[in-house]
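Below is one structure, written out as structure tokens; comments come after it.
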Amino acid sequence: MNTLNSPIGVFDSGVGGISVLKELLKQMPNEDYLYFGDSVNAPYGTKPLAHVRELTFRNIEMLLNKGAKAIAVACNTATSAAVADLRRMYPELPLVGIEPAIKPAVLHKEGSRIIVMATPMTLRLDKFKRLVDTYKDRAEIIPLACPGLMEFVESGNLLGEDLHRYLTELFWSVDNEKIDSIVLGCTHYPFVKAAIKNAVDEDVAIFDGGEGTAREMKRRLDNAGLLKISDKKGKVTFINSRNTDEELKLCRFLLESYP
């Protein structure tokens, strides 16, 4: 039976969700966390919808079987594909997903030109289209599919020349001189924020959804009476489907290096 002292499960298709984990730690440093990254099957954003749903359901069940008291789906693609059904499957479970931070970008500057960087699947699904429709009269919102970008993070390449070339070519396709804001619609992308800044005008504002997801998780845990009461710093346990020392070292490096 899950208790106050049970861990919060955090799930991502790979190591990208560690950016969300870091925000969770800022909001709730005394909680324990069980992070699972499915790097064997990454990327999710180029897979068929049915396959993404199958992987997501299986991995969430695994975290629950390991005693997670709540679940953060720290993957935009998995959130879009499966979170609505997961909420129906586990109605009592504090469960949060993540979505592109379009609202903060719109509020930052009305009438602006906003680029939403995301995986091809996230951009194709109705959940994303509904989100854009909500704000389409207040800003020019331009989806930008980024196939291959998450692989740079999965390999630990956060500032290399190959990454800079990739991003430069990517932003040329949307005329980077006219960008007001960039929304990072994949949890891997915050790890290459510095490289993105180098590829666009330095005045471009960058937004991601990690902080909002962490706040929502804290609210749901509080409502469920599951916030851990302790003055001690919690622990983080990493599990990865690739299960290599290199993968776990990368997880620790990203957790410690991400601001």
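The values are calculated or read from the model by the stated rules, or taken from the named source; none is laboratory data. Everything numeric in this text was worked out from a predicted model, so none of it was measured. Heads up, the Cβs are rebuilt from the backbone with ideal geometry, glycines too, and the neighbour counts pull from every protein chain shown.
Quick notes on this one:
- Residue in region 168-182 that is assigned to a helix (DSSP H, G or I) and without any contact (Cβ under 8 Å) to a residue 12 or more places away in the chain present: yes
- Only helices (runs of 4 or more DSSP H) whose full extent lies in region 111-167 are considered here, and the ones with at least 1 residues that are free of Cβ contacts under 8 Å to residues at least 12 places away in the same chain and not aliphatic (A, V, I, L, M) are 120-124, 126-135.
- All positions within region 208-252 that are in contact (Cβ under 8 Å) with a residue 60 or more places away in the chain and of a type in the set (Ser, Thr, Tyr): Thr213, Ser230, Thr237, Ser241
- Hits in region 99-111 - residues which are buried (at least 17 other Cβ atoms within 10 Å of the Cβ) and either out of contact with any strand residue (DSSP E or B) (no Cβ under 8 Å at 6 or more places or on another chain) or closer than 18 Å to Cys146 by Cα (or both): Glu99, Pro100, Ala101, Ile102, Lys103
- Yes/no for Ile60 being farther than 25 Å from Lys232 by Cβ and either part of a strand (DSSP E or B) or at pLDDT 95 or above (or both): yes
- A single member of Lys26, Lys66, Lys47 is surrounded by fewer than 23 Cβ atoms within 10 Å (Cβ to Cβ) and modelled with pLDDT under 95, and it is Lys47.
- So Val83, is it assigned to a helix (DSSP H, G or I), touching a residue at least 12 places away in the same chain (Cβ under 8 Å) and within 20 Å of Leu221 (Cβ to Cβ): yes
- Options Gly97, Gly67: the member that is on the phi > 0 side of the Ramachandran plot and out of contact with any Lys or Arg (no Cβ under 6 Å at 6 or more places or on another chain): Gly67
- In region 140-172, the residues that are surrounded by 14 or more Cβ atoms within 10 Å (Cβ to Cβ) and among the aromatic types (Phe, Trp, Tyr): Phe152, Tyr166, Phe171
- Hits in region 7-57 (condition: within 13 Å of the chain's Cα centre (by Cα) and either part of a helix (DSSP H, G or I) or acidic (Asp, Glu) (or both)): Asp12, Ile18, Ser19, Val20, Leu21, Lys22, Glu23, Leu24
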